[in-house]
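Q: Have a look at this one.
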Amino acid sequence: MIDIWFLTAFILLLWMILSIIRAVAGPTAPDRVVALDTINTLVVAIMIILSVAYSQIIFVDVAIVYALLSFVATLYIAKYLEGGI
Amino acid sequence: MKAFIVTTIDAYLIYLVLTAGSGNFLYFWSPAEMIMGVFLAIIVGAVSRNYLCRSRNYRMLNPVRWFKFLVYGFGPFFEAMAKANVDVAYRVITGKIRPGIVKINPELKTDFGLTFLANSITLTPGTLSVDVDEKRNYLFVHWINVKKGEEKKEFADYRYVCGTFPIWARRIAE
Amino acid sequence: MWTQYLIWIFLGIGLTFNGLGAIGLLRFPDVYTRLHAATKATTFGSIFTSLAVVTFAFTQLYLNGKMANLQLGLHTIVAIASLLLTNPVGAHAIARAAHRSGVKPEKAVVDKLAEVKK
């Protein structure tokens with residue numbers, strides 16, 4: 001029997017590939033940023049699921065730091081699009 | 001000085017949450033972690049005291065406001081968020097949309113209240129805050145399904161846009 | 001234990017809404033409506049998959065009493081809190097940047113913000 005946590009992580013990976021299609025195809029720059037933001041959220045979810053699957057608590061700490069840093073990255077890209085930098 | 005103390009205590013509480021389960025002093029912590037946490041919290045408080053308490057207004061220290069915040073978070077907010085997701089699911093499947101950017105006047109005075117309301121609006125049904133008029137505290141909201149007639153008015157009625165949230169924001173943050 | 005079923009329900013809800021977010025990202029016509037799908041659905045879905053982990057951690061803590069499970073649960077709660085704080089602010093920043101860089105909302109019946117800019 002396949003482990004339920006690995007199955008969840010695999011399905012989340014499929015959703016991530018769907019978002020990557022938008023990131024590649026998106027007609028304008030903000031579309032790509034939206035796709036990137038979605039991928040970031042999904043990465044955090046996958047890291048938390050995988051930390052149970054591999055029973056490594058350190059993955060959750062990495063997920064917290066990833067969430068905060070990707071937030072800062074999103075803000076910077078948004079400011080660049082506005083023409084602030 | 002008060003800003004420094006508040007920031008330090010906040011940082012220390014977060015440190016304690018993150019290191020719970022490291023030993024058995026007071027059941028959960030190891031003494032080494034607790035002492036190290038004090039030093040790190042003091043450093044964080046000294047560096048970032050001007051960012052957390054920028055407005056020099058300490059009304060959020062009142063526990064009654066935290067209690068109201070918890071009631072809000074698990075009650076109306078969670079309900080609205082669940083509804084929002086069913087709503088998004090409906091629109092993803094059927095593709096029925098009537099989008100537009102409307103202006104609302106939530107009658108809030110403080111920055112924190114406005115931030116709180118904007119975040120709530122973004123996570124609740126059919127609405128997404130786009131921009132803010134910082135002088136007069138108006139919010140510009142992208143509404144995925146504009147109610148018939150609302151697009152002609154100068155200010156959309158906030159009861160249709162975000163329900164009772166401005167009232168809650170006033171109770172919690174002002 | 002009965003929490004096993006709770007975990008399955010949480011994972012199911014989380015996966016469904018994350019998927020709806022990803023599909024909405026592909027289906028909607030312009031950047032603002034895409035932000036609706038992306039922000040709301042993926043935040044809600046990720047919260048539910050994480051709640052499944054929290055339930056699992058506290059069930060294990062109750063069953064075998066190892067402190068590592070307490071750490072897993074608490075750290076996941078902190079991760080949920082940081083997602084809830086950062087996602088709407090990021091969405092707001094992207095929407096504002098999109099409007100200021102000149103992306104118009106498609107099929108819009110009204111655009112008060114563009115009227116203000118003139």
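Q: Relative contact order for chain A: what is it in percent, counting Cα pairs under 8 Å that are at least 6 residues apart?
A: Computed value for chain A: 28 percent relative contact order.
Q: Okay, next question. Could you please report the charge total around B:S120, scoring K, R as +1 and D, E as -1 over all other residues with beta-carbon less than 14 angstrom from its beta-carbon?
A: +4
Q: Under unit Cβ charges (Lys, Arg +1; Asp, Glu -1), what dipole magnitude, rounded to 20 debye, does chain B have relative to its Cα centre? Numbers along the way, then the final one.
A: Numbers: 22 positive and 14 negative charges, 102 e Å.
The calculation lands at about 500 debye.
Q: Kindly state, to the nearest 0.05, the FRET efficiency for C:W8 paired with B:Y27, given R0 = 35 Å and r defined as their beta-carbon distance. Walk me through the numbers before you get to the answer.
A: Working: r = 32 Å, r/R0 = 0.91.
Computed FRET efficiency for C:W8 and B:Y27: 0.65.
Q: Along the Cα-to-C-beta direction of B:V86, a point sits 7 Å from the Cα; which residues of segment C:18-32 have their amide N less than 13 Å from that point?
A: none
Q: Something else: Given that compact globular proteins tend to follow 2.2 N^0.38 Å, what is the ratio of the alpha-carbon Rg of chain A to that value? Walk me through the intermediate numbers first.
A: On the way: Rg = 15.0 Å, N = 85, 2.2 N^0.38 = 11.9 Å.
Ratio of Rg to 2.2 N^0.38 Å for chain A: 1.26.
Q: A further question follows. Report the label-to-label distance for B:F39 and B:R159 in nanometres (one decimal), using points 7 Å from each Cα along the Cα→Cβ vector.
A: 6.0
Q: Ignoring chymotrypsin sites (Phe, Trp or Tyr not before Pro) that are buried or in helix or strand per DSSP, and keeping those with at most 11 other beta carbon atoms within 10 Å, what is the longest stretch of chain B between them? All intermediate terms of the calculation are to be shown ahead of the outcome.
A: Values: sites that count: B:Y27, B:Y58.
Within chain B, the longest run free of exposed chymotrypsin sites (Phe, Trp or Tyr not before Pro) spans B:59-174.
Q: How many nm separate the modelled label positions at B:K135 and A:I20, each set 7 Å beyond the Cα in the direction of the Cβ?
A: Once both label points are built, they end up 4.8 nm from each other.
Q: For chain B, with every protein chain kept in place, what is the accessible area per residue (1.4 Å probe, Å²)? Present the calculation step by step, with values, prior to reporting the outcome.
A: Details: 9590 Å² over 174 residues.
Computed with neighbouring chains in place, this is 55 Å² per residue.
Q: For chain C, report the accessible area per residue in Å² (1.4 Å probe, heavy atoms, rounded to an integer).
A: On the way: 4520 Å² over 118 residues.
Accessible area per residue: 38 Å².
Q: Rounded to two decimals, what is the ratio between the C-alpha radius of gyration of the protein assembly as shown and 2.2 N^0.38 Å? Can you show the working numbers first?
A: On the way: Rg = 21.3 Å, N = 377, 2.2 N^0.38 = 21.0 Å.
Scaled against compact globular proteins, the figure is 1.01.
Q: Which of C:L61, C:S50, C:V103 sits closest to the plus end of the dipole of segment C:9-118, meaning its Cα is farthest towards the positive end, when Lys and Arg get +1 and Asp and Glu get -1 on the C-beta?
A: Selected residue: C:V103.
Q: Between A:A63, A:A53, A:A25, which gets the highest mean-square fluctuation from a Gaussian network model of chain A, Cα cutoff 10 Å?
A: In the Gaussian network model the winner is A:A25.
Q: Let's test the formula: R0 of 22 Å, r as the Cβ-Cβ distance of B:S48 and B:E107. What FRET efficiency results, to the nearest 0.05?
A: Details: r = 32 Å, r/R0 = 1.44.
The calculated FRET efficiency here is 0.10.
Q: Next question. Among the aspartates and glutamates, select those whose C-alpha is under 19 Å from the C-alpha of B:K103, and discard any that sit fewer than 8 residues away in the same chain.
A: B:D111, B:D131, B:D133, B:E134, B:E150, B:E151, B:E154, B:D157, C:E106, C:D111, C:E115
Q: Continuing with this model, one more query. Of the cross-linked pairs B:K148/C:K40; B:K148/C:K107; A:K79/B:K96; B:K109/C:K104, which ones have a Cα-Cα span greater than 21 Å in the structure shown?
A: Numbers: B:K148/C:K40 24 Å; B:K148/C:K107 15 Å; A:K79/B:K96 32 Å; B:K109/C:K104 30 Å.
Distance filter (> 21 Å) returns B:K148/C:K40; A:K79/B:K96; B:K109/C:K104.
Q: Let me ask something else. Based on a Kirkwood Rh over C-alpha pairs, give the Stokes-Einstein translational diffusion coefficient of segment B:63-173 at 4 °C and viscosity 1.567 mPa s in µm²/s. Working shown, then result.
A: Values: Rh = 14.5 Å.
The calculation lands on 90 µm²/s.
Q: Given the -39500 (n - 2.57) contribution per DSSP H run of 4+ residues, what per-residue ellipticity at 222 nm results for chain C, rounded to the nearest 500 deg cm²/dmol? Don't jump to the answer; show the numbers that get you there.
A: Numbers: 5 runs with 94 residues, N = 118.
Calculated mean residue ellipticity at 222 nm is -27000 deg cm²/dmol.
Q: Follow-up question, since we're still on this one. Accessible area of chain B with a 1.4 Å probe: how many percent of it is carbon plus sulfur? Provide the component values of the computation, followed by the final result.
A: Values: 6390 of 9590 Å².
Carbon with sulfur: 67 percent of the solvent-accessible area.
Q: Report which residues of segment C:13-27 become buried by 20 Å² or more of accessible surface when going from the isolated chain to the complete set of protein chains (1.4 Å probe; DNA, RNA and ligands ignored).
A: C:L15, C:F17, C:N18, C:G19, C:L20, C:A22, C:I23, C:L25, C:L26, C:R27
Q: Once each part is reduced to its C-alpha centroid, what is the distance from segment B:9-83 to segment C:1-77 in angstrom?
A: Between the Cα centre of segment B:9-83 and that of segment C:1-77, the gap is 23 Å.
Q: Please identify every one of the GluC sites (Glu not before Pro) in segment B:125-165 that sits in a loop by DSSP and has no more than 15 other beta carbons within 10 Å of its own beta carbon. Provide the component values of the computation, followed by the final result.
A: Working: sites: B:E134, B:E150, B:E151, B:E154; in loops: B:E134, B:E154.
Here the sparse-neighbourhood loop sites are B:E134, B:E154.
Q: Right, another one. Tell me the mean residue ellipticity at 222 nm calculated for chain B from its helices only (DSSP H runs of n ≥ 4, each -39500 (n - 2.57), averaged over every residue, nearest 500). Don't skip to the answer; put the middle values down first.
A: Details: 7 runs with 96 residues, N = 174.
Taken over chain B, the calculation gives -17500 deg cm²/dmol.
Q: Something else about it: For chain B, what's the relative contact order in percent, using C-alpha pairs closer than 8 Å and at least 6 residues apart? Could the numbers behind the result be given before it?
A: Working: 197 pairs, mean separation 36.5, N = 174.
Relative contact order comes out at 21 percent.
Q: Then there's this: What chymotrypsin sites (Phe, Trp or Tyr not before Pro) in segment A:21-69 are in a loop by DSSP, with at most 16 other Cβ atoms within 10 Å of the Cβ? Numbers along the way, then the final one.
A: Details: sites: A:Y54, A:F59, A:Y66; in loops: A:Y54.
Passing sites in segment A:21-69 are A:Y54.
The values are calculated or read from the model by the stated rules, or taken from the named source; none is laboratory data. On a predicted model such as this, the values are computed, not experimentally measured, just so you know. Virtual Cβ from ideal backbone geometry, glycine too; neighbours counted across all protein chains shown. When the accessible area is computed, the model is the full protein with side chains, heavy atoms only, and any ligands, DNA or RNA have been set aside. Shrake-Rupley method; radii C 1.70, N 1.55, O 1.52, S 1.80 Å.
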